[in-house]
Amino acid sequence: MKLKKTIIILLVLLKNLISFGQYKTFLTSNKYKYVDSLNIYRQDKNSEIILFSIDKSLTEIKRNNVWERAYQRGIISKYTNDNFLKNGVEKDVCQFDVGLENRIKILYCGNSNKTDIIIARFYNQNIELSKKIDTLYLNYDTKNIENSKMKKISDYETIISNFTFKSFSWIEKSRIEFRNELINNNIIDSQKIKDALNSYQIASGYDTGVGQILAMKDFILEGNKIVITKWLWDKNITITNIEQLRGLIQSYDPVIDIINNSEFKE
């Protein structure tokens, strides 16, 4: 009898280890890297996955789900919510868009004692990654994740909110909006550039200035060019690489260094 019980325990542990291994394999095969102690994994600044657990039942967690209310208020869009059982494990999956570019998929997976939560944030145009995350969520059944355990619902709500809307800080909002402007029209009047650089130097406009400068930097690093009209002596200037952009900005304001200043680094 003891041998049989031992074998059952070993099989359960093996199953959990295999499940956790599948999760790790997904992250590494999709080029996600572990970046901090809260179990955040990142491809780049706009593609991240976070995993943590809370000692609360899935029912209690779901009662505090605010996403439907956020959808009704217009904060998020394209909201869906699915519930299902697999191998006796209850799951709740929320999906929605934040802004123009970010897709959020959240898995709540648990029982009466504990809930694991995985949140994935990525570009909503990345259909392939979206399908892979769906498969990960469908197969996820790990019960023994102990890292990053939260004791209070308020703790996890704060983490989820900050993580989900991270790219909607004012810097990121300005960055996204100005990048879209550049995509639609890469010919910019010099005054608009000067306004962004001037904003950087004042407290009330700092975030906007940083966001718009980051948008130009991203746009150039993606292999695009920016044409600035009437920069000096009413001459047009074409920027095709990061050093040209850096030189142009420092010719106007030497304090702004888009390569070495910490606010412009990844």
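The values are calculated or read from the model by the stated rules, or taken from the named source; none is laboratory data. Source: prediction; values computed, not measured. Virtual Cβ from ideal backbone geometry, glycine too; neighbours counted across all protein chains shown. Surface areas here come from the heavy atoms of the whole protein model, side chains and all, with no ligands, DNA or RNA. Shrake-Rupley method; radii C 1.70, N 1.55, O 1.52, S 1.80 Å.
Placing a pseudo-label 7 Å from each Cα along the Cα-to-Cβ vector at V66 and N81 gives an inter-label distance of 1.4 nm.
Shown here for the stretch 61-133: trypsin sites (Lys or Arg not before Pro) in loop regions (DSSP other than H, G, I, E, B) with at most 12 other Cβ atoms within 10 Å, namely R73.
Here the calculated FRET efficiency for F264 and T158, from their Cβ-Cβ distance with R0 = 35 Å, stands at 0.80, rounded to the nearest 0.05. Computed extension gain for N180 through T28, at 0.36 nm per residue and net of the alpha carbon distance, reaches 51.6 nm. Overall, the stretch 155-266 carries a charge dipole of about 380 debye about its Cα centre when +1 sits on the Cβ of Lys and Arg and -1 on the Cβ of Asp and Glu, all other atoms neutral. In the complete set of protein chains, residue-level accessible area for L129 is approximately 10 Å², probe 1.4 angstrom.
Computed on the Cα atoms alone, the convex hull of the stretch 200-266 gives a volume of 90 cubic angstrom per residue. Sorted largest first by accessible area at a 1.4 angstrom probe radius, with every protein chain in place, the residues E101, E90, E181 fall in the order E181, E90, E101.
Considering only Cα-Cα distances, which of the following residue pairs are longer than 29 Å: K56/K173; K33/K265; K24/K45; K86/K131; K62/K131; K33/K91? Listed pairs above 29 Å: K56/K173. The orientation-averaged shadow of the Cα convex hull for the stretch 106-145, equal to a quarter of the hull surface, comes to 2.9 nm².
Counting 0.36 nm for each residue step from V35 to K194 and taking away their Cα separation leaves a gain of 53.7 nm. Modelled spin labels at S204 and N111, positioned 7 Å past Cα toward Cβ, are 5.8 nm from each other. When the P(r) is computed for the stretch 172-236, the part past 18 Å accounts for 34% of the Cα-Cα pairs.
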